[in-house]
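Take a look at the structure below.
The values are calculated or read from the model by the stated rules, or taken from the named source; none is laboratory data. Note that the coordinates shown come from a computational prediction; the quantities given were computed from them, not determined experimentally. Here Cβ is always computed from backbone atoms with ideal geometry, including for glycine, and neighbour counts include all displayed protein chains. Please note that ligands, DNA and RNA were not included when accessible areas were found on the heavy atoms of the full protein model with its side chains. Shrake-Rupley method; radii C 1.70, N 1.55, O 1.52, S 1.80 Å.
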Amino acid sequence: MCKRLFIITALVAAVFCGRDAWSQAYPAKPIRVVVPFSAGGGADIFARIVGKKMGENMGQPFVTDNRAGASGIIGCEIVARAVPDGYTLLMGTTGTHTTNPAVYAKLPYDPLKDYAPVSLVAESPFVLLVHPSLPVKSVKELIAFAKTRPGQLTYGSSGIGSSSHLGFELFNLMAGIKGVHVPYKGLAPATSDTIAGQLIMTWNSITASAPYIRNKQLRALGIGSARRSALMLDIPTISEAGLQGYELGSWYGIFTPAGTPPEIVRRLRSEAVKAIADPGLKEQFAALGAEPVGSTSEEFVEVLKRDIVKWAKVARAANVKAE
């Protein structure tokens, strides 16, 4: 009996020692970061900024792999089906993990079950932009103006079911107004058409919007964050400007496939938080109009659950469905 107990104890110790040695040796090769969008977008930029610093700190390069297509679905499925060994990561977004589930009847991945959230990297608020010819200078005035012209004001988004689209639907529901949605393949062309006067309003990031706001080509009525941006402190939050409790923005976060060993997830989370706290990275984030986060995995899960519920309610109320 004692001999059997000794053997079992030795085997258990060997397993844990082996796992510990493996986690200490990690990473032993380059780590792939799948970005489910084209190069140059927010997810791509943050993946490269954070990946570079994490790679420097961990002694292995983080290689960005852009797998764009189908609103981020292609890249997300690749990571969901990848070997859960810590060598394939995903830079997920609000769209891939909270608005896609709200508007697609069926996805080839589950935003909660198929991934192990590592850390929330950054949050980037949207700015509500209108053409300068519109006779409104605040969110309150916009709402009052829209109520006298139901179904007449046009607003552009980056596509049906996108964060910018659902953001307008939430705005409409909370304000009690109705407009005409015009979907685009990205916020850049929607912004261009708003400048040209072909649209009444759209969203964009504060960084992309700043030159047009300063040149008075566009008027900013409010920012979708909980507090004002240091980049343009004169722009009020939408909540304080007339629609209390309203928030809209994009977040970016690191995921691994579900089943990745907990010790590897913890190591990645620790290294991500360390990288995001770097003063140099903070400066880069600030220049992009983004707030660095660096959350725990548990905090990230709570953000996911909250936003999945939020956007599902909006999509149902506005009857938004993606094809």
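Accessible surface computed residue by residue for the stretch 219-320, with neighbouring protein chains in place and a 1.4 Å probe, gives 46 Å² per residue. Counting heavy atoms of the protein chains alone, E302 has an accessible area of about 110 Å² for a 1.4 Å probe.
Over the stretch 131-193, accessible surface divided per residue gives 45 Å², non-protein components excluded, 1.4 Å probe.
A Förster radius of 51 Å combined with the Cβ-Cβ distance from R266 to K321 puts the calculated FRET efficiency at roughly 0.85.
Across the chain, C-alpha contacts under 8 Å between residues 6 or more apart give a mean separation that, scaled by the residue count, equals a relative contact order of 25 percent. In plain terms, if you count all Cα to Cα distances in the stretch 159-226 and split them into 5 Å steps from zero, the share in each step is 3, 16, 27, 27, 19, 7, 0 percent. Placing +1 on each Lys and Arg Cβ and -1 on each Asp and Glu Cβ, with no other charges, gives the stretch 246-323 a dipole about its Cα centre of roughly 300 debye.
Mean residue ellipticity, 222 nm, helices only, the chain: the sum of -39500 (n - 2.57) across DSSP H runs of n ≥ 4, divided by residue count and rounded to 500, is -13500 deg cm²/dmol.
Other residues with beta-carbon under 12 Å from the beta-carbon of V34 carry, at +1 per Lys or Arg and -1 per Asp or Glu, a net charge of 0. Expressed as a fraction of 2.2 N^0.38 Å, the C-alpha radius of gyration for the chain is 1.12. For A287 and E141, what does the FRET efficiency come to when R0 = 35 Å and r is the distance between their Cβ atoms, rounded to the nearest 0.05? The computed FRET efficiency comes out at 0.65. Under the shape rule built on the C-alpha gyration tensor, where the axes satisfy a ≥ b ≥ c, the stretch 266-313 is oblate, since a/c reaches at least 1.5 while a/b does not exceed b/c. Note on surface exposure: K310, K113 rank K113, K310 by accessible area, highest first, 1.4 Å probe. For the stretch 23-59, no residue has its backbone nitrogen under 11 Å from a point 7 Å from the Cα of A196, taken along Cα to Cβ.
Listed by chain and number, the lysines whose alpha-carbon sits under 29 Å from that of K106, ignoring those within fewer than 8 places in the same chain, are K178, K185, K305, K310, K313, K321.
Considering the stretch 48-135, its Cα convex hull presents a mean projected area of 8.4 nm².
On the chain, 57 percent of the accessible area sits on carbon and sulfur atoms, based on a 1.4 Å probe. Dividing the convex hull volume of the alpha carbon atoms of the stretch 193-323 by its residue count gives 158 Å³ per residue. On full extension, the segment bounded by T296 and A258 gains 12.0 nm, given 0.36 nm per residue less the C-alpha separation.
Stokes-Einstein at 37 °C, 0.692 mPa s, Kirkwood radius from Cα pairs: D for the stretch 118-171 in µm² s⁻¹?
249 µm²/s
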